[in-house]
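The values are calculated or read from the model by the stated rules, or taken from the named source; none is laboratory data. Since this is a predicted model, take the numbers as computed values, not measurements. Positions of Cβ are backbone-derived with ideal geometry, glycine not excepted, and every protein chain shown enters the neighbour counts.
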Amino acid sequence: MRPSFHPRPVNGPFEDPVLFIPFFFDRRAILFDLGDLRNLSARELLKIGQVFISHTHMDHFVGFDTLLRIFLGREKDLHLFGPPPLLHNVEGKLAGYTWNLVHTYQNQFSIRVTEVHPDRSLTKEYRCSEAFSPDHKAKPHSFGGTLIEEDSFSVKAVHLDHKIPCLAFKLEERFHVNIMRDRLLTLGIPVGPWLNGFKEALYRGDHAESAFLVVWNENRKELRRTFGLGDLAQKIARISPGQKIVYVVDVVYNDENAERIIHFAKDADQLFIEAAFLDEDKDLAAKKYHLTARQAGMLARRANVKALTICHFSPKYKHAPHRLTTEALAAFVGTDAHL
C-alpha cells in the first residue's frame, strides 16, 4: 500500500520538533508545530495551508515569521490552530512589523487563526490588504475534538498539560485508496492528477454508476475516457483502512495525560512523541513538564501503535542520543524489565 501522507520530521532530534506532512499526488501539505523551518525549501513551504501548533513556546512557534515572509505578496490562505493564548501571540507577532505598503500588493494573503479551548474555539482572520488589523471580533464555535474534517481525512486534537495548555494532534484518513498501477497499464492510462478527483469522488460517496472522466496528456495531446465510477474502482483500486498519524510533544507524565494520550493514539500507524530525558532523570523531566524516553515507549506500547518515532531530546544527552532511543524501544517492545 502506498500511503497518502508522508510525515517527515523537519529537524534532528535535538532541534525544534516540526512534522511536515505532504499529500501524495497533491501540491498540498500540513505542519504539526511551527519551530525552525530552515530545512524546508520554499517550494515545500508554499504547499502548506494549515499549521497545527502544540503551544507557543519559542521552539514550537519561531517559524511563524518564516511562513509570513514567504507568503507575503502571494495568493495564499494560511490557517493556524493552537491553544490559548494563540490569538494574542499572533497579534503580537504581526504588530512587530510596519505594513504601510501592503495596499500595493496585487495578490490577497490572509491568515486565519483558531484558538482551541477545551469546549470551544475562537477564530479571527487577518488580511494583508487590511494591514493585518485585529479589530474584528473572534467568531466562537463549539469544539468536540475535531479541528478540520474533509472528505478524505480529519485532524483532531486533545488538550494536555505542559504547565500551560498544550495540544496533541491526530491526522486520520477515512480509508485508503490504493491504486494498482499494473491495472492502469492494462487500461493504457497513466497515473496523474486525475487520481485526486477519482479518490475525492470515492470519499464523497458518489454513486457507483455515476460517470467519471479521466483526462491526461500524451504526446502533447489531451486524451479522455469515461468510466462508471464503481466499475473504474473495481478495475484499478483496492480499498483499505486509512492511515492514523499522531503527534505528541511537551507534556508531563501524570495519570491524566497518560490516559488521554493512550486513548488518543490508540492503534495509530505512526506515533511521533517527545522523549526529552532518560528515566534516570525522571525527576528533572517532571520538573520541566516533559516525558522520559521510557515513558514515551510505554505510552506507545499501551496505545498499541504500529511504529514509534521519538524526538525533542534534551541537549543533556548530546554525547549519547542512542541511550534515549534504546530506552524508548525497550519500553515499546516490552523488553524493559520495569514493565
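Some values worked out for this structure:
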| quantity | calculated |
| --- | --- |
| Filter result (within 30 Å of Asp119 (Cα to Cα) and either charged (D, E, K, R) or in contact (Cβ under 8 Å) with a residue 60 or more places away in the chain (or both)) within the stretch 180-211 | Arg204 |
| Given (1) surrounded by 20 or more Cβ atoms within 10 Å (Cβ to Cβ); (2) under 30 Å from Val251 (Cβ atoms); (3) of a type in the set (A, V, I, L, M); (4) touching a residue at least 60 places away in the same chain (Cβ under 8 Å), number of the condition Val177 does not satisfy | (2) |
| Leading residue by the ranking (surrounded by the fewest Cβ atoms within 10 Å (Cβ to Cβ)) among those in the stretch 193-220 that are among the aliphatic types (A, V, I, L, M) and under 25 Å from Pro22 (Cβ atoms) | Val215 |
| Residue match in the stretch 40-53 (condition: among the hydroxyl-bearing types (Ser, Thr, Tyr) and buried (at least 20 other Cβ atoms within 10 Å of the Cβ)) | no |
| Failed item, numbered, when His176 is tested on (1) at pLDDT below 95; (2) assigned to a strand (DSSP E or B); (3) in contact with a Lys or Arg (Cβ under 7 Å, 6 or more places away or on another chain) | (3) |
| Any hit, the stretch 82-94, residues being crowded, with 21+ Cβ neighbours inside 10 Å, in contact with a strand residue (DSSP E or B) (Cβ under 6 Å, 6 or more places away or on another chain), under 26 Å from Phe153 (Cα atoms) and in the same structural domain as His117 (by TED's automatic domain parsing) | yes |
| The one condition in (1) closer than 26 Å to Lys316 by Cβ; (2) crowded, with 20+ Cβ neighbours inside 10 Å; (3) of a type in the set (A, V, I, L, M) that Leu232 fails to fulfil | (1) |
| Any hit, the stretch 220-229, residues being free of Cβ contacts under 8 Å to residues at least 12 places away in the same chain and out of contact with any strand residue (DSSP E or B) (no Cβ under 7 Å at 6 or more places or on another chain) | yes |
| Qualifying residue in the stretch 60-67 (condition: surrounded by 18 or more Cβ atoms within 10 Å (Cβ to Cβ), under 24 Å from Ala328 (Cα atoms) and at pLDDT 95 or above) | yes |
| Filter result for the condition that a residue is among the charged types (D, E, K, R) and at positive phi, over Lys124, Lys163 | Lys163 |
| Residues located in the stretch 1-56, provided they are part of a strand (DSSP E or B) and without any contact (Cβ under 8 Å) to a residue 60 or more places away in the chain | Arg8, Phe20, Pro22, Phe23, Ala29, Leu31, Ile48, Gly49, Val51 |
| Selection status of Gly73, touching a Cys at 6+ places or on another chain (Cβ under 9 Å), over 28 Å from Asp151 (Cβ atoms) and not in a helix (DSSP H, G or I) | yes |
| Any hit, the stretch 110-126, residues being in a helix (DSSP H, G or I), in the same structural domain as Ile164 (by TED's automatic domain parsing) and within 19 Å of the chain's Cα centre (by Cα) | no |
| Residue within the stretch 98-109 that is over 24 Å from His162 (Cβ atoms) and among the aliphatic types (A, V, I, L, M) present | yes |
| Count - residues of the stretch 288-328 that are of a type in the set (A, V, I, L, M), more than 18 Å from Glu259 (Cβ to Cβ) and buried (at least 19 other Cβ atoms within 10 Å of the Cβ) | 5 |
| Residue within the stretch 283-291 that is among the hydrophobic types (A, V, I, L, M, F, W, C), at negative phi, touching a Pro at 6+ places or on another chain (Cβ under 9 Å) and in contact (Cβ under 8 Å) with a residue 40 or more places away in the chain present | no |
